[in-house]
Amino acid sequence: MSAGVEDLRRELTRAAVSLGAPDSIVPLLERPRDPAFGDWASNIAMVLAKSLGLKPRDFAERLIAALDRSAAGISSAEIAGPGFINFRLDAGTVSRGMLALLEASAHYGRSGVGAGRPVVVEFVSANPTGPLHVGHGRQAALGDAISSLLEWTGWNVSREFYYNDAGVQIENLALSTRARVQELRGAALAIPDGGYHGTYIAEIGEQYVAEHPEDAAGDDLDALRRFAVAALRQEQDLDLQAFGVVFDTYYLESSLYEDGRVDKTVAALIASGNTYEKDGALFLRTTDYGDDQDRVMRKSAEKGGTFTYFLPDVAYHVTKWERGFTRAINVQGSDHHSTVTRVRAGLQALGVGIPEGYPEYVLHQLVTVLKGGEEVKISKRAGSYVTVRYLIEEVGRDAVRYFFLMRKGDSQLSFDVDLARAQNEENPVYYIQMAHARLAGIFRVGEIDPAGVTGAGVDFGQLALVEETELMKALLDFPAVVANAADALEPHRIATYLHDTAGRIHGWYHKAHVLNEPEEIMRARLFLARTAQLVIKNGLALLGVSAPDRM
RNA sequence: GCGCCAGUAGCUCAGUCGGAUAGAGCAACAGCCUUCUAAGCUGUGGGUCGGGGGUUCGAUUCCCUCCUGGCGCGCCA
């Protein structure tokens, strides 16, 4: 956590408890809006005063009297307004924190609350029926950043991609490919209902014929299916590569059928007594677990007698648990939010000890794409949609990543392609990268090795500008920001923090010259430049965005 | 009809466990380059935090209700 703050929190707790507060009290410490108030503020006196039968300001006074300032690492504590207590950290606390920052360097911001426990983060999980579209892009950026946040807070993360390579949609893919193959031979195009109309299917059809001259008519549906799936998987892999996202595992839906897990799961659910048959179909009593209606697991014979999608989904999540992932996070589009209750219900119905909130879900709102001032409809059927690859080629990987991460997942996102392209010079990601590049420029021009900067001999008294003290405070906040963002599974907090911190760096850079200043000043400012650079670089790394030394 | 998400400056959005004068970028206006990157900095203007009620020392934040928008509610996946 932020250097000094935990000491202050601990000492504040001790003092409050000694005055009669409950042991469980955790004082809230926050940055005052106005830095003139101090470094940290607490409302603890207002929270506790009533239950202790005191006026807030009176209680605050006793609390301050009970504080051991040196243990708390503060130089002053003042009562303000209705009963806030404003604290100022002593100089030693700040300088120790800054030295610890440099010491940690590339590791600064990491913490160990995860204690090496395993967590599986599932994201993208696109069906192999087309290239990745802009919605997958948001999910890829979000899932990867959440994974990084968890890694930075000590979790043992596995990034997983679930492939729906079984079932109706793959059958439709095979049939659509066959229709294209037959079209090549002069037949009228006959794409089935629920099939795929995109022109990329035609390209796959051409490749198939070229590589399978023995089946120029497309009679072998099995071979067509395998070929099309392989081709689209490769396309998606290339998309992910271009985006810089690497998965640890790919889990195939088809394997759940092959190894009997689907059948086993049905049997277990029936044995649990949570199912019933109606109109020839097998239902699971999901209403017992909060769903608004019971769901079909296996269709009636007249509908084919096959399983609905959600059964293999349950079987799949059982494997996550059995593979030792006591924590599982699914990143999905909000259009799938109805599956949340269902999957959890299925896992609970099995009664195998999986906790109620398993898996956790991060749902993001959908992305609309604007182009030429008009919304581009994302439709696989019509074959018209904006791909991840296109966005990357247009505005670059860093900008795409940052755009997808700068907003809360709960907010709808409208990605204006023209604007993103035209915005090249006013893009927030460049603003942040520029802060890093400017700092790197100081070392380059001064011919100083940034890695050689040490805290030795730095006189922190030289860093007395408001821009400098405020920047140091921001830098010392970074670990707490990372921890909070990881806890909330909200990478946009890192983006917001970086933008704010970059602004402080630009302001400082403009005001405080570094090179060719008197020795003491230059040494202190080089130290600040180096530490600020590290924080920006670490933060951008968390988001999967590069931190160039020169722009 | 029911469920989930959202509604904050002209636009796009932040706002942590309820705190002090609600913030940033873009857009607008006025300034700043012989010194480490002007992809930058400084300043100005701009708000019924969707409406109404409630809880309390205090509500953008919590509760209720209504309005608006997106998504979902299938023996599709």
Report task. Could you tell me which of the residues A:437, A:483, A:529 is within 35 Å of the chain's Cα centre (by Cα), under 26 Å from residue A:32 (Cβ atoms) and within 11 Å of RNA strand B (Cβ to nearest atom)? Result -> A:483
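Which residue out of A:228, A:145, A:174, A:166 is within 30 Å of residue A:483 (Cα to Cα) and within 16 Å of RNA strand B (Cβ to nearest atom)?
Values: A:228 fails: within 30 Å of residue A:483 (Cα to Cα); A:174 fails: within 30 Å of residue A:483 (Cα to Cα); A:166 fails: within 30 Å of residue A:483 (Cα to Cα).
Selected residue: A:145, the only one of A:228, A:145, A:174, A:166 that is within 30 Å of residue A:483 (Cα to Cα) and within 16 Å of RNA strand B (Cβ to nearest atom).
One line per residue, one yes/no per condition, for (1) among the aliphatic types (A, V, I, L, M); (2) under 25 Å from residue A:150 (Cα atoms); (3) within 13 Å of RNA strand B (Cβ to nearest atom):
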{"site": "A:304", "(1), (2), (3)": "no, no, yes"}
{"site": "A:317", "(1), (2), (3)": "no, yes, no"}
{"site": "A:332", "(1), (2), (3)": "no, yes, yes"}
{"site": "A:336", "(1), (2), (3)": "no, yes, yes"}
Query raised in the report: Quick one: residue A:116 ticks every box in (1) within 18 Å of the chain's Cα centre (by Cα); (2) surrounded by fewer than 21 Cβ atoms within 10 Å (Cβ to Cβ); (3) away from RNA strand B (no atom under 16 Å from the Cβ) bar one, so which box is it?
Result: (1)
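Could you tell me which residue of the range A:486-504 is nearest to residue A:536 (Cα to Cα), considering only residues that are among the hydroxyl-bearing types (Ser, Thr, Tyr) and more than 6 Å from RNA strand B (Cβ to nearest atom)?
Going through the range A:486-504, the residues among the hydroxyl-bearing types (Ser, Thr, Tyr) turn out to be A:496-497, A:501.
In the following step, the residues that additionally are more than 6 Å from RNA strand B (Cβ to nearest atom) were identified as A:497, A:501.
On the way: A:497: 10, A:501: 8 Å.
It comes out as A:501.
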Query - Number of the exception - residue A:131 against (1) assigned to a helix (DSSP H, G or I); (2) more than 16 Å from RNA strand B (Cβ to nearest atom); (3) not hydroxyl-bearing (Ser, Thr, Tyr) - result: (1)
**Report entry** Count of the range A:505-526 residues which are near RNA strand B (Cβ under 9 Å from one of its atoms) and charged (D, E, K, R)
**Finding:** 3
Report summary line: Checking A:305, A:273, A:324, A:357 in turn, the sole residue that is in contact with a Pro (Cβ under 6 Å, 6 or more places away or on another chain) and either at pLDDT below 95 or not in a helix (DSSP H, G or I) (or both) turns out to be A:324
Report task. Taking residue A:233 as meeting all but one of (1) surrounded by fewer than 13 Cβ atoms within 10 Å (Cβ to Cβ); (2) more than 30 Å from residue A:350 (Cβ to Cβ); (3) out of contact with any helix residue (DSSP H, G or I) (no Cβ under 9 Å at 6 or more places or on another chain); (4) not acidic (Asp, Glu), write down the number of the exception. Result -> (1)
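Could you list, in sequence order, the residues of the range A:508-520 that are surrounded by 16 or more Cβ atoms within 10 Å (Cβ to Cβ) and part of a helix (DSSP H, G or I)?
Within the range A:508-520, the subset surrounded by 16 or more Cβ atoms within 10 Å (Cβ to Cβ) is A:508-509, A:512, A:514.
Hits for the range A:508-520 are A:508, A:509.
So which residues in the range A:76-91 are more than 16 Å from RNA strand B (Cβ to nearest atom) and touching a Phe, Trp or Tyr at 6+ places or on another chain (Cβ under 9 Å)? Reasoning before the result, please.
Within the range A:76-91, the first condition is being more than 16 Å from RNA strand B (Cβ to nearest atom), and the residues that meet it are A:90-91.
Across the range A:76-91, the qualifying residue is only A:91.
The values are calculated or read from the model by the stated rules, or taken from the named source; none is laboratory data. What you see is a predicted model; the values in this text were computed from it and never measured. With ideal geometry, Cβ positions are generated from the backbone for all residues, glycine too; neighbour counts draw on all protein chains shown.
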